[in-house]
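Have a look at the structure below, then the notes.
The values are calculated or read from the model by the stated rules, or taken from the named source; none is laboratory data. Quick caveat: nothing in here was measured; it's all calculated off a predicted structure. Heads up, the Cβs are rebuilt from the backbone with ideal geometry, glycines too, and the neighbour counts pull from every protein chain shown.
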């Protein structure tokens with residue numbers, strides 16, 4: 001409702017809206033992305049998804065595939081480079097044509113350059129990563145691994161008396177030390193940050209390296225890795241402050 005009211009009042013002044021379809025670890029409220037798509041189309045506004053984190057991670061088609069909402073443009077990075085620095089912009093053909101001198105007039109051409117644009121090493125790593133992800137069953141493995149870790153982490157923390165919410169998607173999620181449902185950034189802020197800091201520090205001390213503020217799931221994780229991680233989570237649960 002807020003988005004509709006805002007665009008009704010200011011839509012003629014807005015060129016584009018950019019959002020993370022999955023905000024860090026917080027999934028979109030039901031209907032939010034659909035409403036943005038509908039309203040942007042109605043007001044002639046370009047809808048851009050920041051899929052630097054979610055692109056090729058939550059699904060091969062990214063969050064737009066997962067949630068069934070197609071933006072006009074999207075940004076991609078991180079996973080697309082297979083660990084090397086690489087990024088990409090994707091979008092509707094009529095928008096992307098502005099980057100091609102042969103398709104638009106000089107006054108409508110937009111130059112897009114960067115220090116690492118077209119870096120051959122990163123491009124090869126990225127292409128190989130995407131080829132691996134296209135193999136049958138890869139996303140099922142990621143989903144299953146994430147679900148196993150989420151279930152195991154929650155069980156071990158709750159068994160030690162901690163109130164937790166595990167927020168996100170099986171391929172990227174984090175532990176929020178709170179008994180309240182986490183729907184937005186404000187809810188996340190109400191979590192007990194001191195516990196989260198202690199938890200991450202304990203994991204790091206035991207050589208379980210997670211992303212700052214979230215767990216990332218990898219195809220490289222083995223059953224042994226998962227078991228070891230959950231054992232250390234159990235130790236952490238009994239050693240961090242209540």
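Structural remarks
- Among the residues making up segment 76-88, those that are buried (at least 18 other Cβ atoms within 10 Å of the Cβ) and either within 13 Å of the chain's Cα centre (by Cα) or not in a loop (DSSP other than H, G, I, E, B) (or both) are 76, 78, 79, 80, 81.
- Any hit, segment 167-179, residues being loosely packed, with under 12 Cβ neighbours inside 10 Å and touching a residue at least 40 places away in the same chain (Cβ under 8 Å): no
- Residue within segment 10-21 that is in a helix (DSSP H, G or I), touching a residue at least 12 places away in the same chain (Cβ under 8 Å) and within 25 Å of residue 182 (Cα to Cα) present: no
- Tally of residues being more than 25 Å from the chain's Cα centre (by Cα) and either not in a loop (DSSP other than H, G, I, E, B) or not assigned by TED's automatic domain parsing to the domain that holds residue 95 (or both) across segment 106-132: 4
- Residue within segment 208-216 that is in contact with a helix residue (DSSP H, G or I) (Cβ under 8 Å, 6 or more places away or on another chain) and in contact (Cβ under 8 Å) with a residue 40 or more places away in the chain present: yes
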